[in-house]
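Each value in this text was obtained by applying a stated rule to the coordinates, not by laboratory testing. All of these numbers come straight from a predicted model, not from anything done at the bench. Every residue, glycine as well, gets a Cβ built from its backbone with ideal geometry; the counts of neighbours run over all protein chains shown.
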Amino acid sequence: MPSLPPAEIGAPFSEIDTPALIIDLDAFERNLDAMASAVGQLGVRLRPHAKTHKSPVIATKQIARGAVGMCCQKVAEAEILVAGGVNDVLVSNEVVGGRKLERLAALARHARISVCADDPVMIEQLAQAAERAGSQIEVLVEVDVGARRCGVRPGPAATGLARQIAGSRFLSFGGLQAYHGSAQHLRTPEERRAAIANAANATTETLRVLNEAGFRCRTIGGAGTGTFELEGASGIWNELQAGSYVFMDADYAKNVVDGARNRRPFEHALFVLATVMSTASGERAVVDAGHKALSNDSGFPSVRGRPDLRYHRPSDEHGVLEFDSVSSRPAVGDRLTLIPGHCDPTVNLYDWYVGVRGFDTPDARVEALWPVAARGATT
């Protein structure tokens with residue numbers, strides 16, 4: 001059963017209970033608009049990744065700005081998106097297991113469903129599930145373009161899978177999944193450009209052998225928030241799957257901006273609001289946001305507007321703050337806004353988004369309460 005939301009619509013910012021997952025609605029909307037504009041200028045399609053926000057509400061806002069649909073990583077996420085009104089979903093991942101495949105095939109009776117594959121056994125089982133369900137599923141062959149995770153080697157290996165997919169009456173060959181995930185957080189522009197150049201070479205070689213075998217790709221998908229401009233301008237990728245741009249996080253802020261750009265294209269829009277609960281030691285402050293309120297897999301959060309405070313040493317329900325001097329020590333009851341190190345798994349810790357309008361003004365108020373509908377959707 002979801003918990004009660006930590007605030008009421010119309011409440012002032014000061015009345016939000018903590019810890020709470022906060023969206024600065026003005027920054028969030030600017031991020032949506034900035035990506036829609038950028039993709040429009042690049043002349044490619046946008047299929048944002050819902051693993052970031054896990055919310056049909058946010059998905060529909062992205063689609064209203066021109067996204068062709070959504071992608072996600074799990075069948076359960078796809079089910080929740082479709083139930084929330086999204087009618088075009090790519091599961092940008094391999095799906096293995098009879099029950100998952102049956103659910104995916106059943107879902108394809110109600111929406112346009114695509115999935116990735118890199119193995120003939122999975123393709124055979126997917127075709128059987130689609131036949132039993134009487135549905136049609138599009139399949140992208142995933143190619144390992146540098147992430148060293150899922151995907152066949154670039155080149156001829158994709159042809160056999162494409163032929164197997166096309167040979168089924170219940171599957172259709174859609175193209176390639178060519179996502180270089182580890183390139184998103186390479187810190188310098190030079191590193192990111194080199195990684196995507198290698199990915200482009202691998203994708204081009206795979207397209208060459210597919211074309212020689214008579215296959216055409218409707219979709220060459222991939223890209224993320226850290227590199228989407230590179231893929232979008234390449235002339236190779238035609239569908240971009242960036243997700244974190246809606247919120248950004250402290251880890252993305254460590255990426256060095258390309259010198260051709262004067263500023264970062266997206267803003268921090270997602271925060272965890274925390275309260276100082278103890279300063280008894282005199283040497284540290286303790287907030288009510290620990291491991292259960294923040295994911296620390298990509299580093300600790302930063303404290304918005306307070307470079308003099310450093311978060312560290314979290315436990316289940318506590319986070320410790322160091323400070324430069326006694327004069328900068330926060331007081332018990334002070335409320336601090338934390339920028340998560342990694343937005344995706346942090347979102348997965350909460351039942352509710354609290355959307356705040358006028359975030360940096362005295363009149364800041366709660367305008368929206370959105371459920372994190374796909375929280376915990378791991379199957």
query: Quick one: putting +1 on the C-beta of Lys and Arg, -1 on the C-beta of Asp and Glu, what dipole do you get for the range 31-95 around its Cα centre, in Debye to the nearest 20?
result: 120
- line: For the range 27-249, whose charge dipole is built from +1 on Lys and Arg Cβ atoms and -1 on Asp and Glu Cβ atoms, the candidate among Ala78, Leu46, Asn211 with its Cα farthest towards the positive end is Ala78
Pair Ala166, Asp334: separation of 7 Å Cα→Cβ label points (nm): 6.5
query: By count of other Cβ within 10 Å, fewest leading, how are Ser295, Ser37 ordered?
result: Ser37, Ser295
message: Can you tell me what share of the DSSP beta bridges in the chain is antiparallel? A percent to the nearest 5 is fine.
response: 50
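Stretch Arg208-Asn87 to full length: gain in nm at 0.36 nm per residue minus the Cα-Cα span? List each step's numbers first, then the result.
On the way: separation 121, 0.36 × 121 = 43.56 nm, distance 3.18 nm.
Taking 0.36 nm per residue and subtracting the Cα distance, the gain is 40.4 nm.
Let me make sure I get this right: for the chain, a, b and c are the square roots of the gyration tensor eigenvalues over alpha carbons, sorted descending. Under 1.5 in a/c it's rounded, otherwise prolate if a/b > b/c, else oblate. Which is it?
In terms of gyration-tensor shape, prolate.
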task: Compute the relative contact order of the chain as a whole-number percentage, counting only Cα pairs closer than 8 Å that sit 6 or more residues apart in sequence.
output: 22
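Sort Arg169, Arg335, Arg103 so the one with the fewest other Cβ atoms within 10 Å of its own Cβ comes first.
Details: Arg169 9, Arg335 15, Arg103 19.
Ordered by Cβ neighbours within 10 Å, fewest first: Arg169, Arg335, Arg103.
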task: For helix 98-107, report the angle its Cα long axis makes with the longest principal axis of the Cα atoms of the chain; keep it between 0 and 90° and round to the nearest 10°.
output: 90
- request: Using only Cα atoms, locate the centre of the range 190-219 and the centre of the range 98-125, then give the distance between them in Å, rounded to an integer.
  value: 25
Overall form of the range 231-275 per C-alpha gyration tensor (a/c, 1.5; a/b vs b/c): oblate
statement: Of the listed links Lys61/Lys254; Lys54/Lys292; Lys54/Lys100; Lys54/Lys74; Lys51/Lys100, those spanning more than 21 angstrom between alpha carbons are Lys61/Lys254
- request: For each of Thr275, Thr379, count neighbouring Cβ atoms within 10 Å of the residue's Cβ, then give the residues from fewest to most.
  value: Thr379, Thr275
message: So if each residue of separation counts as 0.36 nm, and I subtract the Cα-Cα distance between Val326 and Arg313, what length gain in nm does that give?
response: 2.7 nm
field: Mean projection area, nm², convex hull over Cα of the range 27-249
entry: 11.1
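Using 0.36 nm times the number of residues separating Val57 and Arg99, minus their current alpha carbon distance, what extension gain do you get?
That works out to 12.4 nm of additional length.
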query: According to the square roots a ≥ b ≥ c of the eigenvalues of the Cα gyration tensor, what is the shape class of the range 197-261, taking rounded for a/c under 1.5, prolate for a/b larger than b/c otherwise, and oblate for the remainder?
result: prolate
Charge-dipole axis of the chain as Lys and Arg at +1 and Asp and Glu at -1 on Cβ define it, positive-most pick from Ile137, Ser182, Leu338: Ile137
- line: With the charge dipole of the chain built from beta-carbon charges (+1 for Lys and Arg, -1 for Asp and Glu) about the Cα centre, the Cα from Pro56, Asn93, Thr279 projecting farthest to the positive end belongs to Asn93
- prompt: Label points 7 Å out from Cα along the Cβ direction at Asp17 and Ala64: separation in nm?
  reply: 2.9
- line: With +1 at each Lys and Arg Cβ and -1 at each Asp and Glu Cβ, the charge dipole magnitude of the chain around its Cα centre, to the nearest 20 debye, comes out at 840
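In debye, nearest 20: dipole of the range 27-249 around its Cα centre with unit charges on the Cβ of K, R (+) and D, E (-)?
Result for the range 27-249 is approximately 320 debye, rounded to the nearest 20.
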query: If one takes the longest principal axis of the Cα atoms in the chain, at what angle in degrees, from 0 to 90 and to the nearest 10, does the Cα axis of helix 25-42 lie?
result: 30
